[in-house]
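For reference, the structure is listed below as structure tokens.
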Amino acid sequence: MCGIVGAVAERDVSRILLEGLRRLEYRGYDSAGMAILDQECVIRRQRAAGKVERLESALEETPLTGRLGIAHTRWATHGKPTDNNAHPHVARDAVAIVHNGIIENYAALRSRLQADGYSFSSETDTEVVVNLIHHNMGQGGELFEAVRTSLTELEGAYAFGVICSAEPDRLIAARRGSPLVIGVGIGEHFIASDVSALLPVTQEFIFLEEGDIALITRDAVIIHDARGKVVERPVKRSQLSATAADKGSYRHYMLKEIYEQPRVLAETLEGRLSRDRVLPEVFGPDAGAVFDQVQRIQIVACGTSNHAGMIARYWFESLAGLPCDVEVASEYRYRPHVVSPGTLFVTISQSGETADSLAALREVKSQAKHLATLAICNVAESSLVRESDLVLMTRAGPEIGVASTKAFTTQLAALLLLVIALGRRHAMTADTEARLVEGLHALPALIDRVLQMDADIAKLSEAFADKHHSLFLGRGPLYPVAMEGALKLKEISYIHAEAYPAGELKHGPLALVDAEMPVVAVAPNDELMEKLKSNLQEVQARGGQLFVFADERTTFEDSPGLRLVSVPAVDDALAAVVYTVPLQLLAYHVALLKGTDVDKPRNLAKSVTVE
């Protein structure tokens with residue numbers, strides 16, 4: 001989940017590296033560092049625990065300049081966030097490395113290297129790698145060969161950028177299990193964990209494949225694949241602009257991304273709907289033949305994306321008449337499975353680089369028991385997209401805030417397109433499809449109406465400012481929405497929040513309810529409304545404080561112990577999307593009152609590329 005950036009050029013690269021780190025900070029912000037080869041071919045390094053701004057301050061006092069360099073922003077795995085544990089790591093002033101991933105056999109390698117006379121100043125697995133590379137260079141090889149030899153000894157996941165004082169015009173890059181791209185310039189080349197880091201200097205990119213290792217100079221890129229064969233990887237032009245990841249006039253990225261939802265939902269649906277049906281070409285020219293054979297859905301995802309999958313399960317079974325299973329990727333990988341004939345394997349990920357989801361996809365493909373694989377993703381060039389049989393892009397654009405917002409709602413829109421495309425082959429009637437499509441057309445305007453509730457929700461959030469715990473309740477497909485609302489609140493305000501199906505209150509959670517435990521309920525006008533009201537009366541009878549987001553058509557009223565927020569009327573199937581947005585706003589405003597770092601909550605990072 002760390003961020004890597006590197007450059008080899010005819011100009012000073014220090015400002016390029018620093019700007020790249022700023023753009024990658026969503027991937028980790030426990031510490032940051034930079035190493036540059038200066039004019040005397042000496043590796044100069046600056047590191048700082050904390051966010052990139054602390055590194056920037058250190059660089060203002062002691063500038064680094066040079067035409068070859070690497071930099072890193074860290075999400076801590078091995079070792080606390082300290083200066084010594086910050087990357088880049090250097091071996092005997094000769095080799096420097098930045099690393100994203102986890103080396104699983106680092107302890108054994110460390111013991112071996114210590115026996116060979118190497119000393120260690122950090123607790124990281126990465127310092128083992130740079131010493132190993134230095135050791136292998138001492139056997140008579142150049143940097144590229146030393147890196148390639150070292151990779152054969154590593155177990156785990158990695159993306160590396162490596163430089164060496166003896167080879168001042170070469171940057172080595174390698175990846176296995178963690179993303180890495182090469183930015184292509186004129187007389188200069190770059191590496192980064194994400195294209196967004198390099199958009200100010202290039203829009204041309206080479207996406208390294210699994211197991212690739214690249215020798216990069218100012219004028220050339222030579223790539224070897226996992227078998228050691230020299231290969232050509234295509235150069236692709238990114239459609240993102242350098243300003244796509246800016247905050248604009250918004251106070252936080254999260255708020256900007258919440259307010260972008262009407263637009264990105266419209267873009268996700270654009271060209272995929274006619275007046276009354278989902279266009280059959282949405283999933284690609286080969287999708288129709290695959291969909292004709294689908295008898296079951298298996299969804300695998302993590303975090304917020306898993307909540308999207310849980311909502312989709314209700315849709316698949318109630319609207320499409322298809323059985324659907326949902327499992328978190330980190331659990332799916334580690335147990336045997338009974339795969340029914342005609343099972344479509346669906347992975348959902350914002351980044352397309354989520355380690356557990358990718359590993360689950362690769363395991364499924366290696367076993368060849370599923371009918372096909374389909375990815376719902378926001379990053380067109382990601383590993384998940386490239387390795388899946390079918391793809392539906394969410395078109396959310398860059399999402400920088402760690403707490404996912406627009407990626408989640410666009411995932412839901414994409415999943416509903418899939419439900420309709422499959423449902424028409426099973427239990428869904430043409431009238432139902434037309435009704436759902438009509439609702440999807442209206443969805444961006446509905447979300448825009450919800451955003452107009454922002455000031456009211458900001459006022460409501462004051463009731464949470466001094467609280468330490470909260471419960472979220474929902475029924476049916478709104479139960480995963482409650483889970484997502486609880487996750488948002490805990491992620492960015494650090495209030496302990498849990499979600500339950502409302503009918504489960506009496507089976508345990510009711511014991512927690514008192515005046516200091518706010519209870520948030522999502523209450524669309526569906527067939528479960530009356531049962532939900534009964535559940536909420538259980539809370540009121542125990543003196544609990546209720547905050548109910550309810551359909552404007554319902555008969556809920558403000559009363560002692562109950563505060564009502566009216567939500568625009570919406571079709572039952574689309575309620576999950578609409579009711580998500582006020583919960584996002586609630587979490588945002590509570591976090592503001594708590595004074596937390598909204599975009600960069602402690603201990604978290606955006607793109608989870610380690611297990």
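Of everything listed in (1) of a type outside the set (Val, Ile, Thr); (2) at negative phi; (3) surrounded by fewer than 20 Cβ atoms within 10 Å (Cβ to Cβ), the single unmet condition for Asp93 is (2). Has the stretch 440-451 got any residue that is charged (D, E, K, R) and touching a Pro at 6+ places or on another chain (Cβ under 9 Å)? There is at least one residue in the stretch 440-451 that is charged (D, E, K, R) and touching a Pro at 6+ places or on another chain (Cβ under 9 Å). Within the stretch 222-276, being among the polar types (S, T, N, Q) and either at positive phi or assigned to a helix (DSSP H, G or I) (or both) holds for Gln261, Thr268. Hey, can you tell me all the residues within the stretch 20-38 that are in contact with a Pro (Cβ under 6 Å, 6 or more places away or on another chain) and at pLDDT 95 or above? Passing the criteria: Gly33, Ala35, Leu37.
For the stretch 558-575, how many residues are touching a strand residue (DSSP E or B) at 6+ places or on another chain (Cβ under 9 Å) and either modelled with pLDDT under 70 or closer than 21 Å to Pro477 by Cα (or both)? Adding up the residues that qualify gives 9.
For the stretch 350-366, the criterion of being among the polar types (S, T, N, Q), more than 17 Å from the chain's Cα centre (by Cα) and either buried (at least 24 other Cβ atoms within 10 Å of the Cβ) or in a loop (DSSP other than H, G, I, E, B) (or both) is satisfied by no residue at all. Here the condition is being surrounded by 15 or more Cβ atoms within 10 Å (Cβ to Cβ) and either among the aromatic types (Phe, Trp, Tyr) or more than 18 Å from the chain's Cα centre (by Cα) (or both); of Leu322, Leu255, it holds for Leu322 alone. When the stretch 380-392 is filtered for residues that are of a type in the set (A, V, I, L, M) and either out of contact with any helix residue (DSSP H, G or I) (no Cβ under 8 Å at 6 or more places or on another chain) or touching a residue at least 60 places away in the same chain (Cβ under 8 Å) (or both), the ones remaining, listed by number, are Ala380, Val385, Leu390, Val391, Leu392. Does the stretch 125-132 include one or more residues that are touching an Asp or Glu at 6+ places or on another chain (Cβ under 7 Å), closer than 25 Å to Ala107 by Cα and buried (at least 24 other Cβ atoms within 10 Å of the Cβ)? Yes. On the basis of being part of a strand (DSSP E or B) and among the β-branched types (Val, Ile, Thr), does Ile172 make the cut? Yes; evaluated as a whole, the condition is true for this residue. Of Val290, Val300, Val339, all but one fail to be of a type in the set (Val, Ile, Thr) and under 18 Å from Gly423 (Cα atoms); the exception is Val290. Of the residues in the stretch 299-307, not one is more than 19 Å from the chain's Cα centre (by Cα) and at pLDDT 95 or above. Summed over the stretch 160-169, residues that are in contact with a helix residue (DSSP H, G or I) (Cβ under 9 Å, 6 or more places away or on another chain) and closer than 17 Å to Val5 by Cβ total 3.
Regarding the stretch 452-472, can at least one residue be identified that is closer than 18 Å to Asp571 by Cα, crowded, with 18+ Cβ neighbours inside 10 Å and not aromatic (Phe, Trp, Tyr)? There is no residue in the stretch 452-472 that is closer than 18 Å to Asp571 by Cα, crowded, with 18+ Cβ neighbours inside 10 Å and not aromatic (Phe, Trp, Tyr).
Any residue at all in the stretch 12-28 that is part of a strand (DSSP E or B) and either touching a residue at least 12 places away in the same chain (Cβ under 8 Å) or β-branched (Val, Ile, Thr) (or both)? No - not one qualifying residue is present in the stretch 12-28. Taken over the stretch 102-120, the residue count meeting the criterion of being touching a helix residue (DSSP H, G or I) at 6+ places or on another chain (Cβ under 7 Å) and small (Gly, Ala, Ser) is 0. Is there a residue being of a type in the set (A, V, I, L, M, F, W, C) and more than 27 Å from Gly288 (Cβ to Cβ) anywhere in the stretch 419-437? Checked the stretch 419-437: no residue is of a type in the set (A, V, I, L, M, F, W, C) and more than 27 Å from Gly288 (Cβ to Cβ).
Screening Val385 against (1) among the β-branched types (Val, Ile, Thr); (2) under 20 Å from the mean Cα position of the chain (by Cα); (3) under 30 Å from Pro336 (Cα atoms); (4) buried (at least 23 other Cβ atoms within 10 Å of the Cβ) leaves a single unmet condition, (4).
Evaluate the following for Arg227: is it over 18 Å from Val98 (Cα atoms) and either surrounded by 24 or more Cβ atoms within 10 Å (Cβ to Cβ) or basic (Lys, Arg) (or both)? Taking the combined requirement at face value, the residue satisfies it.
A quick yes/no check of all residues on (1) buried (at least 22 other Cβ atoms within 10 Å of the Cβ); (2) farther than 14 Å from Thr347 by Cα; (3) in contact (Cβ under 8 Å) with a residue 40 or more places away in the chain; (4) of a type in the set (A, V, I, L, M, F, W, C):
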position	(1), (2), (3), (4)
Val264	yes, yes, yes, yes
Thr268	yes, yes, yes, no
Leu279	no, yes, no, yes
Pro285	no, yes, no, no
Val290	no, yes, yes, yes
Val294	no, yes, yes, yes
Gln298	yes, no, yes, no
Trp315	yes, yes, yes, yes
Val328	no, no, no, yes
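Residues are listed down the side, and each one gets a yes or a no for (1) buried (at least 21 other Cβ atoms within 10 Å of the Cβ); (2) modelled with pLDDT of 95 or more; (3) more than 28 Å from the chain's Cα centre (by Cα):
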residue: Gly138; (1), (2), (3): no, no, yes
residue: Ala174; (1), (2), (3): yes, yes, no
residue: Gly177; (1), (2), (3): yes, no, no
residue: Phe190; (1), (2), (3): yes, yes, no
residue: Pro200; (1), (2), (3): no, no, no
residue: Glu210; (1), (2), (3): no, no, no
residue: Arg218; (1), (2), (3): no, yes, yes
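Could you tell me whether the stretch 173-181 includes any residue that is touching a residue at least 24 places away in the same chain (Cβ under 8 Å), at positive phi and touching a helix residue (DSSP H, G or I) at 6+ places or on another chain (Cβ under 7 Å)? Scanning the stretch 173-181, I find at least one residue that is touching a residue at least 24 places away in the same chain (Cβ under 8 Å), at positive phi and touching a helix residue (DSSP H, G or I) at 6+ places or on another chain (Cβ under 7 Å), so the answer is yes. Screening the candidates Phe160, Phe144 for the property of being among the aromatic types (Phe, Trp, Tyr), on the phi < 0 side of the Ramachandran plot and not in a helix (DSSP H, G or I) yields one hit, Phe160. Only one entry in Ala414, Ala502 is crowded, with 19+ Cβ neighbours inside 10 Å, under 23 Å from Asp571 (Cα atoms), touching a Leu at 6+ places or on another chain (Cβ under 6 Å) and modelled with pLDDT of 95 or more, namely Ala414. Do we find that Glu153 is of a type in the set (D, E, K, R), closer than 28 Å to Val90 by Cα and within 25 Å of the chain's Cα centre (by Cα) in this structure? Against the criterion (of a type in the set (D, E, K, R), closer than 28 Å to Val90 by Cα and within 25 Å of the chain's Cα centre (by Cα)), Glu153 does not qualify.
Got at least one residue in the stretch 50-63 being touching a Phe, Trp or Tyr at 6+ places or on another chain (Cβ under 7 Å), part of a loop (DSSP other than H, G, I, E, B), touching a residue at least 24 places away in the same chain (Cβ under 8 Å) and on the phi < 0 side of the Ramachandran plot? The answer is yes, given that some residue of the stretch 50-63 is touching a Phe, Trp or Tyr at 6+ places or on another chain (Cβ under 7 Å), part of a loop (DSSP other than H, G, I, E, B), touching a residue at least 24 places away in the same chain (Cβ under 8 Å) and on the phi < 0 side of the Ramachandran plot.
The values are calculated or read from the model by the stated rules, or taken from the named source; none is laboratory data. Keep in mind it's a predicted model, so treat the numbers as computed, not measured. Cβ atoms come from the backbone with ideal geometry, glycine included; neighbour counts cover every protein chain shown.
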